[in-house]
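The block underneath contains the structure these notes are about, expressed in structure tokens.
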Amino acid sequence: MTRVLSCIQPTGDVHLGNYLGALAPWVAGQHEHDAFHGIVDLHALTVAEEPGVIGARTVQLAAMLFAVGLDADVATVFVQSHVPEHSQLAWVMECNVSFGELSRMVQFKEKSAKREFVSGGLFTYPALQAADILLYDTDEVPVGDDQRQHVEITRDIALRFNHRFGATFVVPRAVTPRAGARVMDLQDPTAKMSKSADTGAGLIQMLDDAEMIRRKFKRAVTDSETDVRYDPETKPGVSNLLEILGAATGHPPADLVAGYTQYGPLKADAGEAVIELLTPIQARYRDLLADRGELTAMLRRGAERAGEVAAATLERAYTAIGFLRS
Ligand code: TYM
């Protein structure tokens with residue numbers, strides 16, 4: 001069975017980009033693959049948060065992962081800090097990646113430009129991500145487009161380590177969905193939908209109510225022409241709406257073009273499709289969050305299973321390096 005691993009940071013509310021680009025494909029893949037999904041709280045530490053909030057965010061994100069359809073009896077869902085091997089292997093990764101390689105990471109450039117205090121962790125973040133992936137002998141990493149570069153550097157690290165110390169790690173590949181791999185901001189369709197958007201108007205949160213979603217789609221920025229075409233280069237706004245509608249309804253975006261001669265109905269249909277998608281998820285989220293004891297128990301079980309695999313891989317890596325073992 002193909003081993004799949006992918007993770008998400010508990011750094012704020014989950015948005016439609018996370019869902020269409022990552023969570024929906026994770027749910028769709030959990031029965032066909034041996035799936036591992038992590039809530040990466042150590043990664044969230046790279047940007048300063050108020051002390052104390054991370055635990056609550058972790059539980060909320062767990063509730064969201066189960067609400068969208070991950071099944072704790074099918075997929076292994078765990079919290080990164082519950083499995084200490086992630087931090088341990090991260091150091092090995094850091095020592096097998098160069099300063100130059102880390103300096104070329106687009107996400108580091110974007111994130112560091114926005115803040116005064118740029119932590120060392122923000123810079124070495126891809127090494128921790130490589131540890132997440134390589135610990136599980138991962139074949140495939142289902143991610144949105146923005147994470148492809150991090151999977152590429154993971155491949156480079158795995159190949160370098162294997163070359164240096166002998167075959168140890170499986171070399172993974174990134175997998176992105178046909179539609180929804182790059183959901184753009186509704187107000188600025190040249191920027192990806194992101195939790196750090198300047199205004200919330202272009203960002204659809206998983207917990208937005210129907211009225212809010214309708215309003216945001218109605219006000220979505222399109223362009224000055226009036227025809228509906230799928231062309232992300234010259235018509236980013238319209239193409240993004242087609243992309244969202246396509247991902248929400250299971251159609252390739254270009255196939256939807258024929259149904260529209262004007263922007264208004266396209267915006268309205270995209271909004272309604274998203275509402276239909278999110279309403280049942282929101283209800284399940286509230287139910288799940290009401291039983292925190294059960295949620296933390298599910299995460300503990302996930303960490304036990306993840307820990308068994310991770311411990312074996314770490315030991316293999318330490319032995320390959322030649323560390324003195326007892
Ligand atoms: P994160 O937490 O920023 O995002 C989680 C997932 O959501 C996808 N995504 C999007 N997809 C489409 N359109 C968008 N606008 C959009 N915004 C976000 C991301 O591509 C991602 O798949 N570094 C990772 C977390 C991570 C990880 C890993 C991922 C840590 N270790 C190991 C895979 C494997 C991150 O910050 O994702």
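The values are calculated or read from the model by the stated rules, or taken from the named source; none is laboratory data. Note that the structure is a prediction, hence the values are computed from the model and not measured. No Cβ is skipped: glycine too gets one built from the backbone with ideal geometry, and neighbour counts run over all protein chains shown. Only protein heavy atoms, including side chains, enter the accessible area calculation; ligands, DNA and RNA are left aside. Shrake-Rupley method; radii C 1.70, N 1.55, O 1.52, S 1.80 Å.
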Hits in the stretch 86-122 (condition: in contact (Cβ under 8 Å) with a residue 60 or more places away in the chain and of a type in the set (D, E, K, R)): LYS111, LYS114, ARG115
For the stretch 211-220, give me each residue that is in a loop (DSSP other than H, G, I, E, B) and surrounded by fewer than 17 Cβ atoms within 10 Å (Cβ to Cβ). ARG219
How many residues are in a helix (DSSP H, G or I) and either within 9 Å of the ligand (Cβ to nearest atom) or outside the structural domain of HIS43 (by TED's automatic domain parsing) (or both) when one looks only at the stretch 133-156? 8
Filter the stretch 176-199 for residues that are surrounded by fewer than 23 Cβ atoms within 10 Å (Cβ to Cβ) and charged (D, E, K, R); which is farthest from the ligand (Cβ to nearest atom)? ASP198
I need a count of the residues in the stretch 16-44 that are near the ligand (Cβ under 7 Å from one of its atoms) and out of contact with any Phe, Trp or Tyr (no Cβ under 9 Å at 6 or more places or on another chain). 6
Which of the residues spanning the stretch 46-75 are modelled with pLDDT under 95, outside any helix (DSSP H, G or I) and open to solvent by 30 Å² or more (accessible area, probe 1.4 Å)? ALA48, GLU49, GLU50, PRO51, GLY52
Qualifying position, being surrounded by fewer than 20 Cβ atoms within 10 Å (Cβ to Cβ), under 19 Å from ASP137 (Cα atoms) and not β-branched (Val, Ile, Thr), among GLN88, GLN80, GLN107: GLN88
Can you tell me how many residues within the stretch 196-222 are charged (D, E, K, R) and within 13 Å of LYS267 (Cβ to Cβ)? 5
Condition met for VAL170 (in contact with an Asp or Glu (Cβ under 6 Å, 6 or more places away or on another chain), assigned to a loop (DSSP other than H, G, I, E, B), over 30 Å from GLY250 (Cβ atoms) and open to solvent by 10 Å² or more (accessible area, probe 1.4 Å)): yes
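Yes or no, residue by residue, for (1) out of contact with any strand residue (DSSP E or B) (no Cβ under 8 Å at 6 or more places or on another chain); (2) over 25 Å from VAL68 (Cα atoms); (3) at pLDDT 95 or above; (4) not charged (D, E, K, R):
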{"position": "VAL238", "(1), (2), (3), (4)": "yes, yes, yes, yes"}
{"position": "LEU241", "(1), (2), (3), (4)": "yes, no, yes, yes"}
{"position": "LEU245", "(1), (2), (3), (4)": "yes, no, yes, yes"}
{"position": "ALA254", "(1), (2), (3), (4)": "yes, yes, no, yes"}
{"position": "PRO280", "(1), (2), (3), (4)": "yes, no, yes, yes"}
{"position": "GLU294", "(1), (2), (3), (4)": "yes, no, yes, no"}
{"position": "ALA310", "(1), (2), (3), (4)": "yes, yes, yes, yes"}
{"position": "PHE323", "(1), (2), (3), (4)": "yes, yes, yes, yes"}
How about the stretch 284-301: which of its residues are aliphatic (A, V, I, L, M) and open to solvent by less than 50 Å² (accessible area, probe 1.4 Å)? LEU288, LEU289, LEU295, ALA297, MET298, LEU299
Just to verify a result, which residue in the stretch 119-139, among those that are open to solvent by 40 Å² or more (accessible area, probe 1.4 Å) and in contact with a Lys or Arg (Cβ under 8 Å, 6 or more places away or on another chain), is nearest to ARG173 (Cα to Cα)? ASP139
Within the stretch 232-261, how many residues are open to solvent by 40 Å² or more (accessible area, probe 1.4 Å) and either in a loop (DSSP other than H, G, I, E, B) or of a type outside the set (S, T, N, Q) (or both)? 11
If GLY12 passes every condition in (1) within 15 Å of the ligand (Cβ to nearest atom); (2) among the small types (Gly, Ala, Ser); (3) in a helix (DSSP H, G or I); (4) surrounded by fewer than 18 Cβ atoms within 10 Å (Cβ to Cβ) but one, which one does it miss? (3)
